[in-house]
Amino acid sequence: MIRDLVKSDDSILHHKIKTCGVNVDRHFIAKTLIENMIHHEGVGLSANQIGMDVRVFAMIRDIEYNDIIVCFNPRIIKSYAEEVEMEEGCLSFPDTFINVHRPNKITVKYEDEEGKEHKVTLQGLPSRIFQHEFDHLEGIDFTQRQ
């Protein structure tokens, strides 16, 4: 089901989204996020960007292979010292592009749609996408990172 992107001033984008339990329909949410991320031509999409008050996002982990992951209750458990500045855009802020400093490498944990926990280290663009989407769930948008 394709949903509209919420406007950048919508309150759902400006408060921390609570951890979700096992009682949510993770398969439906994951499918909805992936469909909407592709439809809106993004490399990542958090649930609150389409009006869903659930702590989850979808992201492309490997663009070359179109490897998409859906991260429920994501956490950043380690940020490495090296930071990189890169231009970012955001589906919630069409036509806005700004340079943002972020760690180039992070280690994260998240749950998949089956509830299984994953721990992975991300570097480069996947690290940046994860951090950008994670910020959305924290109520932070990329304009606050300049």
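Quick note: the coordinates plus some simple rules give every number you see, no bench work behind them. In this text the structure is predicted, and so the values were computed from the model without any measurement. All Cβ positions, glycine included, derive from the backbone under ideal geometry; neighbour counts span all protein chains shown.
Which whole-number percent gives the relative contact order of the stretch 11-145, counting Cα pairs below 8 Å spaced six or more residues apart?
28 percent
Using the Cβ atoms and a cut-off under 14 Å, what net charge is assigned to the surroundings of GLN144, where Lys and Arg are +1 and Asp and Glu are -1?
-2
Suppose the chain between GLN146 and LYS31 were pulled fully straight at 0.36 nm per residue; how much longer would it get relative to their current alpha carbon spacing?
Full extension from GLN146 to LYS31 adds 38.2 nm.
Calculate for the chain the 222 nm mean residue ellipticity that helices alone would give, adding -39,500 (n - 2.57) per DSSP H run of length 4 or more and normalising by residue count, nearest 500 deg cm²/dmol.
Mean residue ellipticity at 222 nm (helix-derived): -6000 deg cm²/dmol.
Summing +1 for each Lys or Arg and -1 for each Asp or Glu, what net charge is found among the other residues whose Cβ lies under 15 Å from the Cβ of HIS39?
My count for the surroundings of HIS39 gives -1.
Which FRET efficiency value, to the nearest 0.05, do you get for ASP62 and HIS14 by plugging their Cβ-Cβ distance into 1/(1 + (r/R0)^6) with R0 = 25 Å?
FRET efficiency, ASP62 to HIS14: 0.20.
Where Lys and Arg each count +1 and Asp and Glu each count -1, what net charge lies around GLU82 among other residues with Cβ under 15 Å from its Cβ?
+2
What ³J(HN,Hα) values, in whole Hz, does the Karplus curve 6.51 cos²θ - 1.76 cosθ + 1.60 give for the stretch 64-74 when θ = phi - 60°, with x put for Gly and Pro?
Karplus values, whole Hz, x for Gly and Pro: 4, 9, 6, 7, 9, 10, 10, 10, 8, 6, x.
Taking amide H positions as placed in the peptide plane 1.01 Å from N, state which residues far from ILE98 in sequence (5 or more) or on other chains have amide H under 5 Å from it.
Sorted by chain and number, the residues that satisfy this are GLU88.
Students often check this: by mean Cβ neighbours within 10 Å, which of 38-49, 107-118 ranks highest, and how do the rest follow?
38-49, 107-118
Would you mind checking the pairs LYS18/LYS109; LYS18/LYS105; LYS18/LYS119; LYS7/LYS78; LYS7/LYS119 and listing those with alpha carbons more than 22 angstrom apart?
Checking Cα-Cα distances, LYS18/LYS105; LYS7/LYS78; LYS7/LYS119 exceed 22 Å.
What size of dipole, in debye to the nearest 20, comes out for the chain about its Cα centre when the only charges are +1 on Lys and Arg C-beta atoms and -1 on Asp and Glu C-beta atoms?
The calculated dipole for the chain is roughly 540 debye.
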